[in-house]
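Heads up, the thing below is written out as structure tokens.
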Amino acid sequence: MIGEEKIRELIGQAMEARRHSYSPYSHYQVGAALLAEDGRVIRGCNIENAAYTPTNCAERTAFFKAVSEGIRDFTAIAIVGSPAGEEITQFAWPCGVCRQVMMEFCNPKTFQIIVAKSEGEYQCMTLEECLPNGFGPDNLG
């Protein structure tokens, strides 16, 4: 598990990523900061599309950026989200599709999901707690 200082750093990075959100339809801005095992942090934001289906969540944006650069081992992700122009007042938990992407690349017993309202107000849980009985690569082998 990562320490308090690293959690606060990830939350700050997620808040910065949220500023890049492209959300002209929902007006709900989300940022994510994904921590790789080697210490690199990959940021992502939600990117909407007028056709809706091609919309991509912040978490998946971060994962896809990382994987496209050859990074495959992850420790934690911090996520922040709220309506555009508003202070963050709620926890933005990852959707089911994002949780499934996490199952593809992360150890469900150790990967930490951090949702935050601020660097001092957050909740953490493992992927296994967030997606009990998840289906992943180990189910196929």
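Taken together, the values in this text are just the output of simple stated rules run on the coordinates, not laboratory data. Bear in mind that the values here come from a model prediction, so they are computed numbers and not experimental data. Positions of Cβ are backbone-derived with ideal geometry, glycine not excepted, and every protein chain shown enters the neighbour counts.
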Scan of the range 20-43 for residues that are within 16 Å of Arg72 (Cβ to Cβ), in contact with a Ser or Thr (Cβ under 6 Å, 6 or more places away or on another chain) and not acidic (Asp, Glu), ordered by number: Leu35
By residue number, the members of the range 62-85 that are over 16 Å from Arg19 (Cβ atoms) and assigned to a loop (DSSP other than H, G, I, E, B) are Glu69, Gly70, Ile71, Arg72, Asp73
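Given the structure, is Ala62 of a type in the set (A, V, I, L, M) and under 16 Å from Gly39 (Cβ atoms)? Talk me through it step by step, then tell me what you get.
On the way: of a type in the set (A, V, I, L, M): yes; under 16 Å from Gly39 (Cβ atoms): yes.
Yes.
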Quick one: what pairs do we get from the range 92-107, first residue within 12 Å of Phe63 (Cα to Cα), second basic (Lys, Arg) and surrounded by fewer than 20 Cβ atoms within 10 Å (Cβ to Cβ), C-beta under 7 Å, 6+ apart or different chains? Phe105/Arg72
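Go through the range 92-116 and give me each residue that's in a loop (DSSP other than H, G, I, E, B), out of contact with any Cys (no Cβ under 8 Å at 6 or more places or on another chain) and surrounded by fewer than 18 Cβ atoms within 10 Å (Cβ to Cβ).
Going residue by residue through the range 92-116, those that are in a loop (DSSP other than H, G, I, E, B) are 92-95, 106-111.
Next, from what is left, pick out any that are out of contact with any Cys (no Cβ under 8 Å at 6 or more places or on another chain): 92, 106-111.
Across the range 92-116, the qualifying residues are Asn107, Lys109, Thr110.
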